[in-house]
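Take a look at the structure below.
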Amino acid sequence: MHALAGLPTADALISAKPVDYVIIALYFVFVLGIGVMARRAVSDSIDFFLSGRSLPAWVTGLAFISANLGAVEIMGMSANGAELGISTVHYFWVGAIPAMLFLGVVMMPFYYGSKVRSVPEFMFRRFGTGAHLVNSISFAVAQLLIAGVNLYLLGSIVHALLGWPLWVALLVAAAIVLSYITLGGLSAAIYNEVLQFFVIVAALLPLTLIGLHRVGGYQGLKDKVTEFATSAPASAGVPSAEQQLHSWPGQALSGFDSPFWSVVGIVFGLGFVLSFGYWTTNFVEVQRAMASNSMSAARKTPIIGSFAKMFVPFLVIIPGMVAAVLVKEIGELKAGGTPPGGASGEGVKYNDSLLLLMRDILPNGLLGVAIAGLLAAFMAGMAANISAFNTVFSYDLWQRYIRKDHSDDYYLRIGRLATVGATVIAIFTATIASSFSNVMDYLQSLFGFFNAPLFATFILGMFWKRMTATAGWVGLTAGTLSAVLVAFLSEDGFGSASLGVIPLSGQGAAFVAASAAFVVDIVLSVGVSLVTEPKPSSELRGLVYSETPREELVDPQERTMPWFRRTLPLAGISLGLVIILNFLF
Amino acid sequence: MSDQHRLDAPDPDGKRGEKHTAGAFDIRNFIGALLGLYGLILLVMGIFGDQALQKTGGVNANLWAGIVLLLMSAFFFVWARIKPIVVPEHVEPVDDDPVRPAPKRRPTGS
């Protein structure tokens, strides 16, 4: 950690002590150690890419969540919590859980049962080359862009902690992620994700509890938020205490004035299109489930993940809200001020909430655990993007379109090269991400472009056997283009390049762009299907619901398990819990 | 239980099969070890270090976090010992699919 001590370290945000560095260093020893050991266990490319389908459900379930619990989730959601309050929970309870359950109950049997290695490969089976190519390329591009976001946030925290220049921080961060993926492949990435999950919890739980203790418990937090909202100047545009402390109707989040449209926007835009699009088709997530050891475990992966996901908001949003009333700089920012400093050195942003709270309330020791947790989370996100990218690149693009019929070793090598290439490209896409003032808006726009049309095509293709190959790629392309168009016409979907014709901004614009993509995709797919030739039913077995025998969609082993280890009862409990949570907050 | 150790990975359960399979080493021991080390460091910090009570609002946060981490660590070690992962003798290979222009998998890995 001190190897680069010669570099300027003047503006470090947090003063870590040797004990903190020991804790951080220990974490890296474990991460690289797992990589080295996993490497010995990698025997062929299937093992490398899908971990030989050998992992138990709780491992893949936690990896599933951890792959998603990256920088965006932690910094973005705590920033949202500080700015908007409790309605941020919609990203979890509406915007994730239902879709995760749907993935486990309905869609996973098709993915796991058809033994495809990637989501684009499923696309190929169902729709052939056109849709496959569109999907593979858009997925690969999206992963590189998102890996850039994670890398940027990772670099900025290293910058904030150690005061290294951002570019040095970026290079070091990229090198570490690269070494552990190339060392051990997906097994290492997944094992590290599980480890990361616990380190992240160990980092955030004390922060949340001490934070709540400092403001006088949850009641104290409510009082302070109310006091703040009433005393803040009107020009600051602070959401009312009512809006900050209740999840519904969530106008602060959607940016819609009408409570009714706000609920519609959140349920349809975020809850249905964006979230189902993200969770059910995003190969980064699905890949984790594909690495499990049975159909039952694959289906339970997202469901087990949903239990963890349900409680993540308490660990990220609550600290954000505490930061807004406890941390001096965040309070000033929220009241309309422009306090100097912050991780970027260009003034405090909401993204700094968690870091500043850590600085203010954690003793050295726990501070080290917290820093290790954040570094872990950011690497997890990026490693997940890169490992999904290299699977799609080597199998779906390289093998299918460029070099067919080579040995397993050959594709394994291509996979490793792709990892290196992707990491280098991510350094450049990180600079794109750094030009956006709010990475959350940027990411939601990306998801709208890539995931929403994909979900529309998938869901139609899975349940409507008449849908044709042509409809597959036409729908996907048109859906993506219409989302891009909406973002371009909105006020800030593309940052300063947007025209502002449609009066929408922030995450509301992303919801609308995603919805447009979904609707356009469905309409065009149906239209095109009606005038083109469908595939014969015999080729759709295992791919389309009506053509697949029911017994192929369930795991015969599952009947012998106790009820609490079966897919459907678990999904029911998860759904029940999340409904209760919605009523409570 | 611990009659058979391999040299290349920690495997206190000794239940790792002969087969060279990905994911054979038990993640629970890694989690237990890391959380345990963290717990130990925090415990020591909580007892001997600067408790920074003005930051935490009067709670010895390091001490409590250390104790909880040590308990978690013990839980993972015990779990790994009681229910070790049994690596199946034979992992079903993913079939070659005629639809996919994939290379033929060689019979014995690399």
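The values are calculated or read from the model by the stated rules, or taken from the named source; none is laboratory data. If you're wondering where the values come from, they're calculated on a predicted model, not measured in any experiment. Reconstructed Cβ throughout: ideal geometry from the backbone, glycine too, with neighbour counts over all protein chains shown. Accessible surface areas use protein heavy atoms only, side chains included; no ligands, DNA or RNA. Shrake-Rupley method; radii C 1.70, N 1.55, O 1.52, S 1.80 Å.
Numbers at a glance
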{"quantity": "Residue that is nearest to A:Leu362 (Cα to Cα) [pool: residues in segment A:313-340 that are outside any helix (DSSP H, G or I), of a type outside the set (Ser, Thr, Tyr) and open to solvent by 10 Å² or more (accessible area, probe 1.4 Å)]", "calculated": "A:Pro340"}
{"quantity": "Residue check, A:Gly113 more than 22 Å from the chain's Cα centre (by Cα) and within 12 Å of chain B (Cβ to nearest Cβ)", "calculated": "no"}
{"quantity": "Subset of segment A:199-219 (residues that are open to solvent by less than 30 Å² (accessible area, probe 1.4 Å) and either of a type outside the set (S, T, N, Q) or within 18 Å of the chain's Cα centre (by Cα) (or both))", "calculated": "A:Val199, A:Ile200, A:Ala202, A:Ala203, A:Leu204, A:Pro206, A:Leu207, A:Ile210, A:Gly211, A:Val215, A:Gly217"}
{"quantity": "Condition broken by A:Ala343, with the remaining ones in (1) buried (at least 22 other Cβ atoms within 10 Å of the Cβ); (2) modelled with pLDDT of 75 or more satisfied", "calculated": "(2)"}
{"quantity": "The lone exception for A:Val141 - which of (1) among the β-branched types (Val, Ile, Thr); (2) under 13 Å from the mean Cα position of the chain (by Cα); (3) open to solvent by 10 Å² or more (accessible area, probe 1.4 Å) it fails", "calculated": "(2)"}
{"quantity": "Qualifying residues in segment B:34-56 (those that are at the interface with chain A (Cβ under 7 Å from one of its Cβ atoms), in contact with a helix residue (DSSP H, G or I) (Cβ under 6 Å, 6 or more places away or on another chain) and farther than 16 Å from A:Val199 by Cα) - the one surrounded by the most Cβ atoms within 10 Å (Cβ to Cβ)", "calculated": "B:Met45"}
{"quantity": "Considering residues of segment A:75-119 that are in contact with an Asp or Glu (Cβ under 7 Å, 6 or more places away or on another chain) and not in a helix (DSSP H, G or I) only, the residue least open to solvent (accessible area, probe 1.4 Å)", "calculated": "A:Ser118"}
{"quantity": "Which numbered condition A:Met310 fails, given (1) open to solvent by less than 10 Å² (accessible area, probe 1.4 Å); (2) touching a Gly at 6+ places or on another chain (Cβ under 6 Å)", "calculated": "(2)"}
{"quantity": "Of residues in segment B:60-78 being open to solvent by 50 Å² or more (accessible area, probe 1.4 Å) and in contact with a helix residue (DSSP H, G or I) (Cβ under 6 Å, 6 or more places away or on another chain), the one farthest from the other protein chains (Cβ to nearest Cβ)", "calculated": "B:Phe77"}
{"quantity": "Residue among A:Asp405, A:Asp396, A:Asp409 that alone is of a type outside the set (Lys, Arg) and on the phi > 0 side of the Ramachandran plot", "calculated": "A:Asp405"}
{"quantity": "Flag for A:Leu133 being open to solvent by 30 Å² or more (accessible area, probe 1.4 Å), in contact with a helix residue (DSSP H, G or I) (Cβ under 8 Å, 6 or more places away or on another chain), at negative phi and away from chain B (no Cβ under 12 Å)", "calculated": "yes"}
